[in-house]
C-alpha cells in the first residue's frame, strides 16, 4: 500500500486583499489553490506574530500551552531579551511526537527548530543568529551543494538591511534556495523521499514590512517593479511547483499565520508609562530599572510587564502590589490619546489571566495591548527595536489570512474558517494517521 504524503507550505505574510488585487493573471498558483481545492480564512493569534503562530500550527496548541509569545523571552531577568530556540516550546512540534515516529520528514525554515534537533529525515533550521550547525543531518548542506542548492538564511540580511537594489534580491534569493531545497528533498534527491515536507517562505513578510508604501496610491514605483509583488510572484511560482506534485497519494496544504496591512508609526508605550510616573529613564534613554514599576515588553508581544521583585534583577514592585500597579498601567494606557490621530491609542488592555489562561500563562506579558488603530502599534523593547530598524517599517501583521488544501484529503469548493491550531490535526489526517484526539484544533481535510 502506498503511503500518504503531505506537503505544507507557509506563505508567511500573504494578505488576502493583495491576492484578490493581483488576480490569477499575476498569481496563477494562489488562484489555482482557491479554484481546485478547499479554501478558507485563517485567523491568527490574538497578537499576530510568526513565532507564536507557527508554534501553534505545528504543536497544535495555542500560546497559553506552548509558551512562546515572541522571538524573545518576554521575562528575561536582566531585562535584555533572550532569543527563544528549539528548547523553548513547552509542547513538542508535530514531527517530534511519537505518533509520527515512523514518518520521514523534511522541515525547512520553521521557527523553533534551531539549534537543530535530530529528526527522522531532514531539517534546515530557522536560526536567529549566525551558526554553523543549522542542518540535520550535518552532511545535508554538502548534499544540497552537490545539486547546486546553497543553504541560505536571511536573518543576517534582515538585521543588516541595505539599499533596495541589494536587499530585495538577497531576500528573494534566500527564499528561492529554501524552495529548491524542499523540492529536492521531496523528490528524493537526498535519499529517501519524505512523507511530510514543510516549507516556510518568508519573502512576502520581509518585503511587505519595508516596501508596503510602494503599494499605496501615489507610489512612483510602477506596479510590475514593486518589491512586494515580486515576493508574491516568486512565492506563487514555488506554490505552483508544489501543486504540480499533487497526486492520488499526495496533498498540499498552504496557509499564512498572519496577514498584512499598512503601518504609520510605532508608538513608545514606555513614554506613556513615563508620563504616568510608572517608568523613569536613565541618561542613555533606557529604563532606569531601580525607578521603574512597569515597562514595555519585547517587540511582537504587544505587552507591558510589571517590574516584580524576584522576577527581575532590579525589581521594584512587591508581588502583593502587582494588581494595583496593573490597574494604574491599564488606566494610563486607556486614557492616552494618540497625538498622531486624536483618537485613543488602545482599544483595550487585557490581563494575561483573561487572554492566556493555561499552563504557560506566566510566560506571557502581564498585560496585552489591543491597538485602537492597527496603523499605530506598540514599539516594543527599545534594545531589539533599534537593532532591526523597526521604525523604518511601513507595514505590520494583521490577524487574518487564508488557508487552502489540494489533494485527495480535500474536496474542491469546500472550506471553513480556520485558526492556527487547526493545522496540526489536518497534517495528521493528510498523512493517513489516526487522529490525535487531545489536540484542540479541528481537521480542515474533508476525507
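The values are calculated or read from the model by the stated rules, or taken from the named source; none is laboratory data. Just so it is clear, the structure is predicted and the values come from calculations on it, not from any experiment. All Cβ positions, even for glycine, are placed from backbone atoms using ideal geometry, and neighbour counts span all protein chains on display.
Inside segment 21-40, residues that are more than 21 Å from residue 202 (Cβ to Cβ), in contact with a strand residue (DSSP E or B) (Cβ under 9 Å, 6 or more places away or on another chain) and either without any contact (Cβ under 8 Å) to a residue 12 or more places away in the chain or not in a loop (DSSP other than H, G, I, E, B) (or both) make up a count of 6.
Looking at segment 149-183, which of its residues are in a loop (DSSP other than H, G, I, E, B) and closer than 18 Å to residue 227 by Cα? Across segment 149-183, the qualifying residues are 154, 161, 162, 163.
Could you tell me whether any residue of segment 65-72 is part of a helix (DSSP H, G or I) and either over 17 Å from residue 202 (Cβ atoms) or within 20 Å of the chain's Cα centre (by Cα) (or both)? Checked against the condition, which is being part of a helix (DSSP H, G or I) and either over 17 Å from residue 202 (Cβ atoms) or within 20 Å of the chain's Cα centre (by Cα) (or both), segment 65-72 yields at least one hit. Residues in segment 412-436 that are at pLDDT 95 or above and in a loop (DSSP other than H, G, I, E, B): 417, 431, 432, 433, 434, 435, 436.
Evaluate the following for residue 320: is it outside the structural domain of residue 45 (by TED's automatic domain parsing) and modelled with pLDDT under 95?
no
Among the residues examined, residue 199 does not qualify as surrounded by fewer than 23 Cβ atoms within 10 Å (Cβ to Cβ) and either on the phi < 0 side of the Ramachandran plot or part of a loop (DSSP other than H, G, I, E, B) (or both). Within segment 41-56, the set of residues being surrounded by fewer than 24 Cβ atoms within 10 Å (Cβ to Cβ) and not in a loop (DSSP other than H, G, I, E, B) comprises 41, 43. Checking the conditions here, which among 236, 271, 251 is in a helix (DSSP H, G or I) and farther than 16 Å from residue 12 by Cα? Criteria check complete, one pass: 271. Taking the criterion of being touching a helix residue (DSSP H, G or I) at 6+ places or on another chain (Cβ under 8 Å), surrounded by fewer than 18 Cβ atoms within 10 Å (Cβ to Cβ) and modelled with pLDDT of 95 or more, would at least one residue in segment 336-344 satisfy it? Yes; the residues of segment 336-344 include at least one that is touching a helix residue (DSSP H, G or I) at 6+ places or on another chain (Cβ under 8 Å), surrounded by fewer than 18 Cβ atoms within 10 Å (Cβ to Cβ) and modelled with pLDDT of 95 or more. Inside segment 282-308, residues that are touching a helix residue (DSSP H, G or I) at 6+ places or on another chain (Cβ under 9 Å), modelled with pLDDT of 95 or more and loosely packed, with under 15 Cβ neighbours inside 10 Å make up a count of 1. On the given criteria, is residue 439 within 22 Å of residue 50 (Cα to Cα), in contact with a helix residue (DSSP H, G or I) (Cβ under 7 Å, 6 or more places away or on another chain), part of a loop (DSSP other than H, G, I, E, B) and modelled with pLDDT of 95 or more? Answer is yes for this residue.
Could you check segment 102-125 and list, in sequence order, the residues that are touching a residue at least 40 places away in the same chain (Cβ under 8 Å), farther than 21 Å from residue 155 by Cβ and in a loop (DSSP other than H, G, I, E, B)? 103, 104 - these are the residues of segment 102-125 that are touching a residue at least 40 places away in the same chain (Cβ under 8 Å), farther than 21 Å from residue 155 by Cβ and in a loop (DSSP other than H, G, I, E, B).
Beta carbons closer than 8 Å, at least 6 apart along the sequence or on distinct chains, pair a first residue in segment 333-361 that is at negative phi and without any contact (Cβ under 8 Å) to a residue 12 or more places away in the chain with a second that is in a loop (DSSP other than H, G, I, E, B) and surrounded by 13 or more Cβ atoms within 10 Å (Cβ to Cβ) for 337/345.
Among the candidates 149, 204, single out the residue that is in the same structural domain as residue 251 (by TED's automatic domain parsing), within 21 Å of the chain's Cα centre (by Cα) and modelled with pLDDT of 95 or more. The unique qualifying residue is 204.
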